[in-house]
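Data block below; observations after.
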Amino acid sequence: MFNLILFGPPGSGKGTQSERLISRYGLKHLSTGDILRSEIANQTKLGMEAKTLMDRGELVPDEVVIGMIRSALDNNPEAKGFLFDGFPRTKAQSVALDTLLSEKGEGINVVLALEVTEEELIKRLLNRGLTSGRTDDVNESVIRARIAEYHKKTSSVADHYREFDKVVGVKGEGTVDEIFDALCEEIEKRKVA
Ligand code: B4P
């Protein structure tokens with residue numbers, strides 16, 4: 001198995017690059033943001049609770065997203081590997097993910113961290129908000145709250161994996177193709193054929 005975390009602040013291009021990476025490497029894409037948005041679209045109880053937090057730019061509780069990932073791992077026993085997009089977002093989520101994978105005799109191979117300046121993040125998300133219908137993208141103060149939440153709670157995820165020497169920074173500015181090539185280069189260095 002090859003298990004990859006695509007890491008970075010909101011709007012750094014995780015979702016954009018994930019689509020291409022799963023298609024090139026045949027990984028199963030697990031995006032907690034997408035799973036939560038599908039719960040919202042289906043108007044489930046979990047979705048309604050998550051929406052209130054997401055609309056404020058806050059994180060959804062750890063136990064909720066960890067439960068979602070546990071089910072997704074259990075439901076995909078045939079996967080060649082997983083691409084985790086937007087998860088883990090807290091130290092507790094990282095520890096839980098490591099435990100869930102080690103129960104299956106697996107682990108994280110690499111954490112690719114997209115690096116993008118704050119002004120570029122805000123520009124991209126406001127731009128996406130013009131067409132995406134995502135309520136968390138239309139208001140600059142909500143976008144800034146998401147970035148603050150990232151600095152407060154999510155940057156520690158990289159610190160956690162740095163202890164195991166798993167983190168590689170990748171410049172997340174440039175064309176989508178250029179960034180994809182840089183990500184693939186790092187994967188190729190680590191991938192066992
Ligand atoms: P997510 O769905 O994970 O989304 P994101 O952080 O907004 O964006 P991403 O980095 O994927 O950006 P994208 O590629 O789309 O999270 C949403 C919310 O869900 C969170 O705020 C939180 O409330 C909740 N949540 C999710 N996971 C959670 C967890 N584990 N724990 C707790 N809460 C959780 O790119 C953004 C834009 O940039 C796009 O418009 C794209 O077209 C553009 N773009 C991409 N690459 C570009 C490039 N190279 N140049 C120019 N533009 C580019």
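The values are calculated or read from the model by the stated rules, or taken from the named source; none is laboratory data. Keep in mind the model is a prediction, meaning the values are calculated, not measured. Virtual Cβ from ideal backbone geometry, glycine too; neighbours counted across all protein chains shown. Heavy atoms of the whole protein, side chains included, go into the accessibility calculation; ligands, DNA and RNA do not. Shrake-Rupley method; radii C 1.70, N 1.55, O 1.52, S 1.80 Å.
Every condition in (1) over 17 Å from S155 (Cβ atoms); (2) in contact with a Phe, Trp or Tyr (Cβ under 6 Å, 6 or more places away or on another chain); (3) open to solvent by less than 40 Å² (accessible area, probe 1.4 Å) holds for A113 except the one numbered (1). All but one of (1) among the small types (G, A, S); (2) part of a helix (DSSP H, G or I); (3) open to solvent by less than 60 Å² (accessible area, probe 1.4 Å) hold for S132; which doesn't? For S132, the exception is condition (2).
Residues of the stretch 9-28 that are of a type outside the set (A, V, I, L, M), more than 9 Å from the ligand (Cβ to nearest atom) and under 22 Å from V116 (Cα atoms): R20 alone. Note on the stretch 165-192: residues that are at pLDDT below 95 and under 17 Å from L97 (Cα atoms) amount to 0. Of the residues I5, I40, the single one that is open to solvent by 20 Å² or more (accessible area, probe 1.4 Å) and within 15 Å of the ligand (Cβ to nearest atom) is I40. Looking at the stretch 22-41, is at least one residue of a type in the set (A, V, I, L, M, F, W, C), under 15 Å from the mean Cα position of the chain (by Cα) and either more than 26 Å from A148 (Cβ to Cβ) or at pLDDT below 95 (or both)? Checked the stretch 22-41: at least one residue is of a type in the set (A, V, I, L, M, F, W, C), under 15 Å from the mean Cα position of the chain (by Cα) and either more than 26 Å from A148 (Cβ to Cβ) or at pLDDT below 95 (or both). Look at the stretch 6-27: where a residue is closer than 19 Å to A79 by Cβ and of a type in the set (A, V, I, L, M) and a partner is more than 8 Å from the ligand (Cβ to nearest atom) and part of a helix (DSSP H, G or I), sitting 6+ places away or on another chain with Cβ atoms under 9 Å, you get L6/L21; L6/L183; L21/F180; L21/L183; L21/C184; L21/I187; L27/L21. For the residues A79, A72, A145, A113, the requirement of being touching a residue at least 40 places away in the same chain (Cβ under 8 Å), more than 14 Å from the ligand (Cβ to nearest atom) and out of contact with any Pro (no Cβ under 8 Å at 6 or more places or on another chain) singles out A79. Entry remark, the stretch 101-110: residues being in contact (Cβ under 8 Å) with a residue 60 or more places away in the chain and either part of a helix (DSSP H, G or I) or aromatic (F, W, Y) (or both) number 1 in total. When D181, D98, D159, D137 are checked against the criterion of being open to solvent by less than 70 Å² (accessible area, probe 1.4 Å) and in a helix (DSSP H, G or I), a single residue qualifies: D98. For T52, the criteria (1) out of contact with any Gly (no Cβ under 9 Å at 6 or more places or on another chain); (2) more than 9 Å from the ligand (Cβ to nearest atom); (3) closer than 27 Å to E120 by Cα; (4) in contact (Cβ under 8 Å) with a residue 24 or more places away in the chain hold in every case but one, which is (4).
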